[in-house]
Structures are given as structure tokens and as C-alpha cells.
Amino acid sequence: MESKFAMIENNLNNINLKVREACEYYNIDFNKVKILPVTKFVKDREIFEFLISKNYKEFGENYYQELEQKANLMKNVTFHFIGHIQSNKVKKLCQISNLKYVHSLCRKKIAELFAHYQEHQIKFFIQVDYTKKENRNGIEEDKVFEFYDYCKSLGLDIIGLMTYPLEHQAEESYSKLSELKKKLEKEKRAKVLLSAGTSSDFELAIKYNTDILRIGRAIFKNISNNF
């Protein structure tokens, strides 16, 4: 039976091959695209150690409780928070010294709390929502410029845009996000990164010049693990 490490390595090799092929097809620099392993529900420390040995030293987490537990155990890696941000968790998030990126900033109240409690530099992505569904997180596109300016006025380091599209709207969403990035860069004269692309659509996200691919299921499929 194939070991879990061999399975993960094989999955990563396949993903990297597909990323490279997509970059070549769309004339994108392969080296500018980062694969961010999304490790929610990955609770086997040996898996993290294996990933670190393969030079993956940044991980994405969706839930505060899991992030806190893993960050305390692994101080030598960088974490990205990519999930919904609860206001009562902002102070605690700010206390996690190896949390360096937050991809899901989309509310003024949350921005204000981060500005108040931030103890070390955190880089932020503004989450943009194109689904037009009430239960989805994210800010509407026409409010992004105002929100960007507000966050900057608070002293937050805004470095990019992020979105979670519905599956059937992925191409439309990534296309719009890419155009929004260009407009923001032009008006603000600042580099803007894109956090877009998941296990089911990362090749499509590459077409629209994403910088960070948030990939979980495609790496860890068929892997069961616990602390």
C-alpha cells in the first residue's frame, strides 16, 4: 500500500506539472505562481514535517482554533488565514506571531480591530464577492476602492485581492478580479497580488494571472490523519 507521504508527493508532483503546463500555455512565469497548501483538517504533524522537507513552508488555514494549535507547535513556518473572520477572534489572531497573511478582509469593523490589536506586521488581501448571494463573505466590487483607502488610512498593509467563486462562475469571477487588479494598480500606483484558484479551478486562475493558488483537496485527497 502506498504511504500517505508518497501519495501527497505524487499529488504535489501532478499539481506542479499542471501548473507548469498552464503557465506555459498562458505565457505566465511559473516562478511567480505560489502553491499554498490549505491544511484545514490536516492534523498529522508528520505531514507538515514532510511538506516542510519538500520546501513548503507556508500554509493556509480556515479556522482560528486549528490555526492557533498548529502555529504554536510549528513556529518555523508561516501561516495564511483564509477563512471567515469573526470579530471576537481578531485580537487572538493578532497574537499568533507566525500568522503573516490574512486573505479575507472585507469589513470595516474587522479592519479597525486589526489596526487596533496588530502586534506584528500582517499583510492583507481584500476579499471580493462576485456571487451576489447574501450568505457569502466578501465586499462588492464597486466598494473595493473605498475600502482599500479606508484600510490604508488605518495603517493596514493591503497587498492584494482574493475571491471564492461559485464553481459555475469561476472564469467570470477570475476575469473580473484580474481587471479589478489592473484598475487598482493603475489608480493607486501599487503592486496588487491575486489570491485565486483552488483544487477544482487552479488552471483557470492561472489564465487570469493569479499569484497564489490555495490548494487543499487536490493535495490531501484520500489522506486521513489526526494529531
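Read-outs throughout are calculated quantities, based only on the coordinates presented, and are distinct from any laboratory measurement. Since this is a predicted model, take the numbers as computed values, not measurements. Virtual Cβ from ideal backbone geometry, glycine too; neighbours counted across all protein chains shown.
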| Do the alpha carbons of any pairs in LYS89/LYS176; LYS40/LYS89; LYS40/LYS100; LYS152/LYS183; LYS143/LYS176; LYS92/LYS133 sit beyond 19 Å of each other, and which pairs? | LYS89/LYS176; LYS92/LYS133
| note | Per residue, the convex hull enclosing the Cα atoms of region 30-106 spans a volume in Å³ of 95
| query | Suppose R0 equals 30 Å; then what is the FRET efficiency for LYS100 and ARG189 from their Cβ-Cβ distance, rounded to the nearest 0.05? | reply | 0.80
| note | the chain, convex hull of Cα, quarter of hull surface, nm² -> 12.5
| request: Work out Dmax and Rg for region 1-136 from the C-alpha atoms and quote the Rg first, both in angstrom. | output: 16.8, 52
| Can you give the relative contact order of the chain as a percent, counting alpha carbon pairs under 8 Å and 6+ residues apart? | 21
| task | Sum -39500 (n - 2.57) across every DSSP H segment of at least 4 residues in the chain, then divide by the residue count to get the 222 nm mean residue ellipticity, nearest 500. | result | -12500 deg cm²/dmol
